[in-house]
Each structure stands twice: as structure tokens, then as C-alpha cells.
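Presented below is the structure to which this report refers.
The values are calculated or read from the model by the stated rules, or taken from the named source; none is laboratory data. Just so you know, these numbers come straight off a predicted model, no measurement behind them. Cβ placement follows ideal geometry from the backbone for every residue including glycine, while neighbour counts extend to all protein chains displayed.
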Protein chains: 2
Amino acid sequence: METHDFTALAATLRDRRRKLAEKVDFPVLLWSGRSIPRNFPHNTFPFRASSHFLYFAGLPLEKAAIRLEGGKMELFINDPPPGNTLWHGETPDRDRLAEQIGADAAYPRSELLNRAPGSATIGLQDATTCLMQAQMLNRPVAPSDAPMGIDLELVRAIAALRLAHDAGALAELRQAAQVSVAAHQAGMQATPQAKREAEVRAAIEGVFIAHNMQPAYGSIVTVHGEVLHNQAYHHPLQAGDLLLADAGAETPNGWASDITRTWPVSGRFSPTQRDIYEVVLAAHDACIAQMQPGVEYQEIHLLAAQIIAEGLVNLGILRGKPEDLVEMDAHALFFPHGIGHLLGLDVHDMEDLGDLAGYAEGRERSPRFGLGYLRLNRPLQAGMLVTIEPGFYQVPAILNNPEFRDKYQTVVNWERLAQFADVRGIRIEDDVLVTDTGTEVLTAALPTAYQEIEALVSQALG
Amino acid sequence: METHDFTALAATLRDRRRKLAEKVDFPVLLWSGRSIPRNFPHNTFPFRASSHFLYFAGLPLEKAAIRLEGGKMELFINDPPPGNTLWHGETPDRDRLAEQIGADAAYPRSELLNRAPGSATIGLQDATTCLMQAQMLNRPVAPSDAPMGIDLELVRAIAALRLAHDAGALAELRQAAQVSVAAHQAGMQATPQAKREAEVRAAIEGVFIAHNMQPAYGSIVTVHGEVLHNQAYHHPLQAGDLLLADAGAETPNGWASDITRTWPVSGRFSPTQRDIYEVVLAAHDACIAQMQPGVEYQEIHLLAAQIIAEGLVNLGILRGKPEDLVEMDAHALFFPHGIGHLLGLDVHDMEDLGDLAGYAEGRERSPRFGLGYLRLNRPLQAGMLVTIEPGFYQVPAILNNPEFRDKYQTVVNWERLAQFADVRGIRIEDDVLVTDTGTEVLTAALPTAYQEIEALVSQALG
């Protein structure tokens, strides 16, 4: 374990449960989960505690639960078994852990049977744990994206809290951002010597590991940015390629970062690559400039669409008025995803709750091609951390789709588009905190200007 | 996906199922499993297919199953859903996958309902998949370490096959070994500049990632080697420390390596560290020299115990005749684990089967302190790959245990032992293939001699 300032942690956690107590008048029981076997019981994936547990318990304690009521916290965890020290060394016992997180009482797990009934909970992703939750509560537990009764009330209360980050959360999120910035810099600097995508990924994730962090999600490091969720890393790097890297670190206590940069393998953007890069960057900058409390996130998304449409009109790729093009979703031919999402303990924060956190009550996903992938549809508020990640992609499955070809036949200048064949995918993504007066970009230390990107990649060339 | 020689793969797989057909006369159905959510459904751990599936299907196909009967293979997998290409690019369809692995027929998963009943299977670790197996087979499926009926017959048949590696397996295992050797070299060379364990881990795992491989198990990279399963990486590296690194790569198709080396942070072993290192290395070398088909693995373990006891007597740490010391488990005070284990698709190969693979029929774990942790108790046979990993540790939980202090009061020279305080943990581990005439060490390219280790660590010092 890292050395922690446990006094500060305990104070943060006390404040969170006090706020929860203002919102719900029933007891709440949150489970951390267990290590999941990879190919046999003793070979597990790295333990990842449930994010809701982490929010209130602070530390990734395995096979633990907490009960929150009226601002008090009880911890349920077993002491390490005999023989534990042989294999795992000295680990803190229950009472020590309770002290670290400022719990008001601590019990062995067996005590859950007595203390659980009547509590609200949120079902874990792991079916084994979720079954155990139901057994302890002596009632069914619905999946976390379809809670009922007090569980739904709990979800709404927790979502409201987790939407706005407190100082304790921001300290963790800044650490994750800082390490992710350094990782992208290392990736850029490793590129000239790298022969395959995997080598750049190694440079990026190596920085995470060196800081005792792990990837918050499966890194995308690819010369085929047009494959949006590309998680293959075997392609060779060739002069003229753009490399798109979407990778972020997660702190040991579970807080995430999420950054994308796109850089030229050779150290220099071609004129066509630069033209499109500038369009995407203009959208990125305009969105961030427009953000402040009260602004609708969907408006930010539509602003990105507008700027991208304008840029593509200026480059002769789209024809018509940008407003009209956005209205008919023509921007989505090249920017088919949302402008971003919540960021916190999950990289898509609280996505285990479906749209219950991301969408304001009463709002639903749009059926529109250009809006349906939007993961966040709420007014911005101070303390909210979101990604801003406009992009431009030439996705064969979209551009060769006969329906789209037909619908957008006249608004796309297909001959002109063909001149941009060396731009398969570009995305620029930063982590943007909404403040009382505007924004603070937590990942601002990583340049976005193409000249600075070129300089970072070329440094290693000497 | 990597470029594969699919013709060779298909031939290997055909041979494996032909051999299986010689052992069982019932149909066999093996599931691959699914990606496991980390903190929400779209954020998963890297997919790890079931090892038994991988053995017969060759590729890590998600949500797939194969049915084996009379040497024929049927593949059950769904074609990618519509929209898949937008997010994941072009991926091979069912017929193409069937061709790659040489399946005789291919069906959508729904066809399993018709083709499953009457088949033997092995339950997966993932409860969700295991439940689905039971539903498809329309009968209970026991945990994989306690199979019954034809499932037990199947386990015995597969264990017999997987115990001796064929050429296809060895090609993968050699790749894993080669990358793991390079990774340890990188770890040694990164040590002089590293301030914390995590930075050495980054150098090691960075090599795995750069080769499109992943850790076969949670790496141990620690200056506290006396904590046997230490998976913390935050300790500072200080002059005089020994760093113990136990880390191995897994190929994309799931085959593992497992290497441990121990090196001085400063680049030079102290005289006491060197003395103990030489004892451990003598045990390592003696074990490998003794291995050949027909030799009992437990004898190799006891040989290591004997050499370690001898070495400690020579150093004045133990008193008495080495045979007597081993008889009373005095070696286990310092070498409390087994000499090694099977290695293959799992790092502890087939440990999902409990001891059904590792222990010959009719054999059980010994209650003896010095034998009970032995994971393999069979005669060696050609094609078997095992680790040989003797070690010396000063584990406080053992050496301060009043029962042990009492029992071994006179055979340990505690004052002499205190002079070796700078040796907290040393282990030397290689991957050893049993051949017709003796052994081949797959990881032999990584030096074991202390002078060579010192040279590798010191290289970076210039």
C-alpha cells in the first residue's frame, strides 16, 4: 500500500457520508467485491473494488462491506487468515483498517447477516458477489442499471454526490492526470524508435506501472484510429501514419484519467493531416471555452459538431451551411461519437448505473445518428469532471454504407475527401473540470498544438 | 490479431483432438468464457479464454464453444453483430474462424441447445458462464476441481494430454520464455536508475507489452522477497537490498513463462548475499541435472532440500547431518515452498483441476511442513515442462514462530543466522522441459551465475 494521509482520507469520507445522510433516511450497504480468477482461483485479475464502495470507504479492501446510516460507517471485513503473513507479509487487521478510513465500528463479515436486512444497496457487476448481496439482504437485488425502490433512491443520491467532485477526489484525479500526461509524452518520445504499435503502448503503460498505477481502461494505441475501439497493437508504424493513443492511468484508490492525442509517426504532420487536425483542435478548444455551470453538455456536443462541420466546409469536404449539415447529422459521418462523458472513479463515471447518472431525470437517448451516442446529457455544474474529445474518422463501415452514401450524396464532396486519405482517425481528448467561473483542464500540461506535438515526437530523433 | 500460420495451427489442433478421441468415447463440449467487467460492463479485464478451450481451439475466441467427438470439431460462435465494424473494424466471421482452426463445422451459439446434451465438460471459473454450461447441458456442472462421471473421465484424459507438450505448444512456450528473458534483462538494466520497485516492474512488463504479451500472473518485484506473494511495488530501492523479480509473459494464445531472478540493487552482492545465492544456485543446478523421464518430481524437491540443508550447514547456519535436517523439515524454515510446478497454458498448469493434474492418481498432499506445498507429485515424463525454483527466505512469521523456535532451537545457529540479515529472500527459477534424454532449460538465455547477474545490472551504470 502507498503511504496515505489517513487523517485527510477519513475526513473526506466522513463528509461524503454526512452528505449521503442528508439525502437518504435508510441504511446503505455497499460491497467491495472480490478478486476475479483469470484461469484458476489463485491467478486472479488485479483486484478492482466497486466504485461506489471506493467512494465511501476510500481504500480497495477486498471482500469487505460498509454500512452507512445517519453519517456513521460500519466496516465488515475478516481479519487476515492464519498463515497470511507467510505469503502476504504483515497486513493491517480489521481495527487498523477501520481506523484508517474513520469507520465508527468494525465487525467480521459474518455480522452482515444481522446488520444487512433493510438496507439499500447497488448490485455489483460480479454475479457471485451480487448473489451474496441478495442472500445477506434476504431479497432480490436488481442489476445496477435497473434498481428499484430504496435502491433506486440510493442510486439517485449517490449519483448526485459523485457528479460533483470534492477536494479529496480532485487530489486523486489530478494525480491520475499528471501520470497520464507523462505517459503520453513517453509514448510520443518512444515513437520514432518503435516498429509496432505495441512498443508505443509499452512506453505509455510503462509510465503508469512505474507510478504504481494501472490503465483505467484498455488502452487504444493504433495507426488505425478509424476503428474506434481498436485494441489490437500489432500494426507496424509506417512513415505517413498518424498514431492515435487513448490511454489513462488509474490511481491505486481507483480514480481515473482519460487522454487522447494523435501524432505523426514520422514527427511531421502532412498538410492534409494538419488541416484536419486543426479542425478537430478548433472544436476541442471551442467546447472548453464554452463550458461553465448551467451550460447543457449536449450544447457543447452540438458546438463541436458545428465547428467540425464548418471546418470541413472550409476544406471543401462538406458542402452547405454548417447549421444545416449538423441538423441533418452530416458531421456524424466523420464524428460519430459523443463529445465526451463523466470521469471519476470510473472512466465512464457511474456507467454501471446505465444512464441514471449521465442523463438528467426524464431525459432519454436521442434516436438521432448524431446524438444517440452521447453519454452525458445534463447541465454542467461546478465540480463536474468531463472529457472533451472531438474527432474525425474515415470509418469504412460508415462512408461505404449505401444508405449514408445516398442520404449524404450531395453534401459530401467525395473527390475532395479522397485527397485526405492519409487521415484515418484523429482525436484530441482532455479532462475538463467545471469550476464556478468556467473550467480547469486537468490534463493541460500535455500540449495540443500540432507544432508542440511534432516537437515532442521529434525530440527522440535528436 | 497476430499473423498466424493457421495451417500449422489447424494441424496441431487436429492432432490434439485425435489423441483425445483415443481416450474418451463421449462428446466433449468446451466453453471459452467471456470478458469480465471491471467496474462497468464496457470496461472489462483483458479477455482470458479458458485454458482447456485454448488447448483444443487454439485461439482466444470470446463467447465461443467447441464440441469434440471422434476427432471432429464443431465451433459455436455468433457472427459479429451489426455495427461491430464501426467500433471494432473488420473481424473474421464464423466461417473464417472455423477455417483458421480447422473446425469441421460451425454454428451460431443457439445451436448449442441441440448439440450440447450428453457431452462432458469442465466448469469455468466464471460463475455466469458455468451456469450457462449447466443450462445448455441440462444438468449440474461441478466445480472444475471436483468433477464427476464423464466430466471426471474428461479431466483425466485432458490432463494426460496437457502434461506432455507437443511441438505446437513448445513453439508458443519458447516465445513466452524468450520474451520473459528479455524482460528480466531489461529489469536488471533499469535497476540502477530506479528509485522504487514499481519502476523495475515497469521495465519488465514494458517488454511484455512491447511484444504484445501480458503478464501470465501478477508479477512479484520486491526488495522484500521474504514475503512470498508480495504484490506491492512501492518500496524504495536502497543500496544493499536484493531485488527479487518473479515475472513471466503469456503469449496472445495463452501460453505462459515463469522466471525468477534475484539481483543486488547496487550491482554487487555482499559476501553474505553471495554465500546464500550460491547455495540456492547449487540446488537449482543439481535439480536440473537430476531430471529425466521416470524420476519422481518429489525426489527433485527433496534433492533441493538436501542441497540447501548442506549449504546452510557449510555456512554454519544449520547444525547436523543434512539428511537428518531434511527428515525433520529444518530446510523448510528457509525454503517453505515446493520446488516448482507444471507450466503450460496456466502458470500453475491445470491448477483449475485442483491436484487432479499435478498429483498422480492415488497420491495426496503430504501433511509434512516441508512437503505439503508441493504442487506436482508425479514421475517426470518427456514433454513435461516444470519450473525449478529453489529459494532461501527469512520469513519473520516462520522464524519468530515459538513452535518452530522450540522445535529447531538446537539445529539453527541463531547467532550465525543473524549475520545474514541482509538476505531477506532469494529465489532462482527457470522453466525446464523434460526431454527423452534429460532436460532443456527454455529460459537458459538468462544467466544465473552471480557474476553475470552483476554484470547485467551494472551495464547501465556504464
Check: Which condition does B:LEU61 not pass, out of (1) modelled with pLDDT of 95 or more; (2) within 14 Å of chain A (Cβ to nearest Cβ), if it passes all the others?
Finding: (2)
Check: Looking at A:ARG378, A:ARG365, which one is touching a helix residue (DSSP H, G or I) at 6+ places or on another chain (Cβ under 8 Å) and surrounded by fewer than 23 Cβ atoms within 10 Å (Cβ to Cβ)?
Finding: A:ARG378
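Does A:ALA177 count as modelled with pLDDT of 95 or more and crowded, with 22+ Cβ neighbours inside 10 Å?
For A:ALA177, the condition - modelled with pLDDT of 95 or more and crowded, with 22+ Cβ neighbours inside 10 Å - is met.
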Check: Given B:GLY383, B:GLY358, B:GLY344, B:GLY311, which one is over 15 Å from the mean Cα position of the chain (by Cα), closer than 28 Å to B:LEU173 by Cα and at pLDDT 95 or above?
Finding: B:GLY383
Note to self: Just checking, does the range A:25-46 include any residue being among the charged types (D, E, K, R), touching a helix residue (DSSP H, G or I) at 6+ places or on another chain (Cβ under 6 Å) and surrounded by fewer than 17 Cβ atoms within 10 Å (Cβ to Cβ)?
What the structure shows: no
Next item on the list: From (1) over 26 Å from B:ARG319 (Cα atoms); (2) in contact (Cβ under 8 Å) with a residue 40 or more places away in the chain; (3) touching a strand residue (DSSP E or B) at 6+ places or on another chain (Cβ under 6 Å), pick out the condition that doesn't hold for B:GLU440.
Entry: (2)
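Scan the range A:388-444 residue by residue and report those that are of a type in the set (Gly, Ala, Ser) and either at pLDDT 95 or above or not assigned by TED's automatic domain parsing to the domain that holds A:HIS337 (or both).
A:GLY391, A:ALA418, A:ALA421, A:GLY425, A:GLY438, A:ALA444
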Next item on the list: Check A:GLN175, A:GLN135 and return the single one that is in contact with a His (Cβ under 9 Å, 6 or more places away or on another chain) and in a helix (DSSP H, G or I).
Entry: A:GLN175
Margin query: Between A:ALA190, A:ALA134, A:ALA171, A:ALA183, which is without any contact (Cβ under 8 Å) to a residue 12 or more places away in the chain, outside the structural domain of A:ARG48 (by TED's automatic domain parsing) and not aromatic (Phe, Trp, Tyr)?
Written below: A:ALA171
Note to self: On the basis of being among the aliphatic types (A, V, I, L, M) and either under 30 Å from B:ALA194 (Cβ atoms) or buried (at least 24 other Cβ atoms within 10 Å of the Cβ) (or both), does B:ILE308 make the cut?
What the structure shows: yes
Notebook entry, point to check: Within the range B:318-334, can you find the residues that are crowded, with 24+ Cβ neighbours inside 10 Å and either hydrophobic (A, V, I, L, M, F, W, C) or over 25 Å from B:VAL279 (Cα atoms) (or both)?
Noted result: B:LEU318, B:LEU325, B:ALA330, B:LEU333, B:PHE334
Check: Here are some residues: A:ALA146, A:ALA116. Which one is in contact (Cβ under 8 Å) with a residue 60 or more places away in the chain and more than 27 Å from the chain's Cα centre (by Cα)?
Finding: A:ALA116
Check: Which ones in the range B:65-100 are in contact with a helix residue (DSSP H, G or I) (Cβ under 7 Å, 6 or more places away or on another chain) and among the hydrophobic types (A, V, I, L, M, F, W, C)?
Finding: B:ALA65, B:ILE66, B:LEU68, B:MET73, B:LEU75, B:PHE76, B:ILE77, B:LEU86
Check: Can you name every residue in the range A:114-155 that is in contact with a strand residue (DSSP E or B) (Cβ under 6 Å, 6 or more places away or on another chain) and either among the acidic types (Asp, Glu) or surrounded by fewer than 16 Cβ atoms within 10 Å (Cβ to Cβ) (or both)?
Finding: A:ASP151
Next item on the list: Please enumerate the residues belonging to the range B:318-347 that are within 14 Å of another protein chain (Cβ to nearest Cβ) and not in a loop (DSSP other than H, G, I, E, B).
Entry: B:ALA332, B:LEU333, B:LEU342
Notebook entry, point to check: If we keep just the residues of the range B:22-56 that are among the hydroxyl-bearing types (Ser, Thr, Tyr) and in a loop (DSSP other than H, G, I, E, B), which is farthest from the other protein chains (Cβ to nearest Cβ)?
Noted result: B:SER32
Notebook entry, point to check: So which of A:ASP324, A:ASP329, A:ASP258, A:ASP275 is of a type in the set (D, E, K, R) and under 30 Å from A:ARG174 (Cβ atoms)?
Noted result: A:ASP258
Checklist line | Given (1) within 26 Å of the chain's Cα centre (by Cα); (2) under 26 Å from A:PRO252 (Cβ atoms); (3) modelled with pLDDT of 95 or more, index of the condition B:ASN230 fails | finding: (3)
Check: From the list B:GLN185, B:GLN189, which residue is under 21 Å from the mean Cα position of the chain (by Cα), in a helix (DSSP H, G or I), among the polar types (S, T, N, Q) and more than 10 Å from every other protein chain (Cβ to nearest Cβ)?
Finding: B:GLN185
Check: Scanning for something crowded, with 21+ Cβ neighbours inside 10 Å and either away from chain A (no Cβ under 14 Å) or of a type in the set (Asp, Glu) (or both), does the range B:79-91 turn up at least one residue?
Finding: no
